[in-house]
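Chemist: My questions all concern the structure below.
Only the coordinates and a few stated rules stand behind these numbers; no lab work does. Please read all numbers here as calculations on a predicted model, not as lab measurements. With ideal geometry, Cβ positions are generated from the backbone for all residues, glycine too; neighbour counts draw on all protein chains shown.
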Amino acid sequence: MHILLTNDDGIFAPGIKALWQELSQIGRITVVAPDNEKSASSQAITVHHPIWVDEHPIDDNICAWRVGGTPTDCVKVALESLLKDDLPDIIVSGINQGSNLGTDVLYSGTVSAAIEGALHGLPAIAMSLDSWQLCDFGPAAKTAKKVIETMINQNLPPHTLLNINVPALPEEELKGIAITKLGVRNYENTFERRFDPRGRTYYWMSGRVSDTENAPDSDIVAVQNGKISVTPIHFDLTNYRIMNELDSWGL
């Protein structure tokens, strides 16, 4: 099995290292990841300047490239150029330091890289650890291994990926896996006004999570309860429920 790894925390991040160390037990690993952190880059692609790609030695048994672009760039250049004659069987993005729960997936570079893999018709998963602090990525890496070993023999529907969030708990304290839907996550954002040395105004965004009440079967509630959330995602954003209503408007 050929596994392509990418992320949005950069090729030097501990999360992707934990993945290649664990997943090398079950497959051949290729790493194509950003040369630095690209968090919250969503589905952005680079179109106005070149995308630099350099081979990056990791291990004698792992081919790796670092890419001067976004997570989506990494997957596109991997599948359409670097690996076009040796396509992976599955794409794994992560392990992200910090969760990607609920509506966060719209901003996440981690999830978007997996979406790009699914757009190319390949099975894909996005892995995130629910902690912004440096901690043990081992349980999340083992979860990725378990999911891959299961899903590789199943038929994941086309253009679908699995978004997986793992609580930052010791392995023995995790309370199993829950199949979930996306919850809703809001932020109380603040924009601090500052001035650069030339007197020009700029703003620095900060803020904190302000979760609304979520359904028991949401990914947010599952992780809060110590469960690993596995959420199937696809990217048909059509609101089919109101199509007939719009038709009645007589547009």
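Chemist: I'd like the residue in the range 233-242 that is farther than 17 Å from residue 115 by Cβ and either surrounded by 10 or more Cβ atoms within 10 Å (Cβ to Cβ) or not hydroxyl-bearing (Ser, Thr, Tyr) (or both) and, out of all such residues, is farthest from the chain's Cα centre (by Cα). Outline the logic, then answer.
Modeler: Taking the range 233-242 first, the residues farther than 17 Å from residue 115 by Cβ are 239-242.
Adding the requirement that they be either surrounded by 10 or more Cβ atoms within 10 Å (Cβ to Cβ) or not hydroxyl-bearing (Ser, Thr, Tyr) (or both) leaves 239, 241-242.
Values: 239: 24, 241: 28, 242: 30 Å.
Per the stated criteria, the residue is 242.
Here's the yes/no breakdown for (1) small (Gly, Ala, Ser); (2) farther than 28 Å from residue 214 by Cβ; (3) crowded, with 24+ Cβ neighbours inside 10 Å:
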site: 63; (1), (2), (3): no, yes, no
site: 88; (1), (2), (3): no, yes, yes
site: 96; (1), (2), (3): no, no, yes
site: 106; (1), (2), (3): no, no, no
site: 111; (1), (2), (3): no, no, yes
site: 137; (1), (2), (3): no, no, yes
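Chemist: Name the one entry in 230, 223, 184 that is in contact with a Pro (Cβ under 6 Å, 6 or more places away or on another chain), among the aliphatic types (A, V, I, L, M) and either buried (at least 18 other Cβ atoms within 10 Å of the Cβ) or in contact (Cβ under 8 Å) with a residue 40 or more places away in the chain (or both).
Modeler: Details: 230 fails: in contact with a Pro (Cβ under 6 Å, 6 or more places away or on another chain); 184 fails: in contact with a Pro (Cβ under 6 Å, 6 or more places away or on another chain).
On inspection, the qualifying residue turns out to be 223.
Chemist: Sticking with this one: Given the criterion over 29 Å from residue 186 (Cβ atoms) and either touching a Ser or Thr at 6+ places or on another chain (Cβ under 7 Å) or of a type in the set (Val, Ile, Thr) (or both), identify the matching residue among 88, 57, 123. Walk me through how you get there before you give the answer.
Modeler: Details: 57 fails: either touching a Ser or Thr at 6+ places or on another chain (Cβ under 7 Å) or of a type in the set (Val, Ile, Thr) (or both); 123 fails: either touching a Ser or Thr at 6+ places or on another chain (Cβ under 7 Å) or of a type in the set (Val, Ile, Thr) (or both).
Answer to the check: 88.
Chemist: Same structure again: Among the residues of the range 35-61, write down those that are touching a strand residue (DSSP E or B) at 6+ places or on another chain (Cβ under 6 Å) and either surrounded by 16 or more Cβ atoms within 10 Å (Cβ to Cβ) or in a loop (DSSP other than H, G, I, E, B) (or both).
Modeler: Result: 35, 53, 56, 58.
Chemist: Something else: Evaluate the following for residue 112: is it touching a Pro at 6+ places or on another chain (Cβ under 7 Å) and either outside any helix (DSSP H, G or I) or in contact (Cβ under 8 Å) with a residue 40 or more places away in the chain (or both)? Break it down stepwise before answering.
Modeler: Numbers: touching a Pro at 6+ places or on another chain (Cβ under 7 Å): yes; either outside any helix (DSSP H, G or I) or in contact (Cβ under 8 Å) with a residue 40 or more places away in the chain (or both): yes.
Criteria met by residue 112.
Chemist: Specify which of the listed residues (181, 175, 145) is over 24 Å from residue 83 (Cα atoms) and out of contact with any strand residue (DSSP E or B) (no Cβ under 7 Å at 6 or more places or on another chain).
Modeler: So the residue among 181, 175, 145 that is over 24 Å from residue 83 (Cα atoms) and out of contact with any strand residue (DSSP E or B) (no Cβ under 7 Å at 6 or more places or on another chain) is 175.
Chemist: Those residues that are assigned to a helix (DSSP H, G or I) and hydrophobic (A, V, I, L, M, F, W, C), I need them from the range 218-236; list them, please.
Modeler: Those that are assigned to a helix (DSSP H, G or I) and hydrophobic (A, V, I, L, M, F, W, C): 220, 221, 222, 223.
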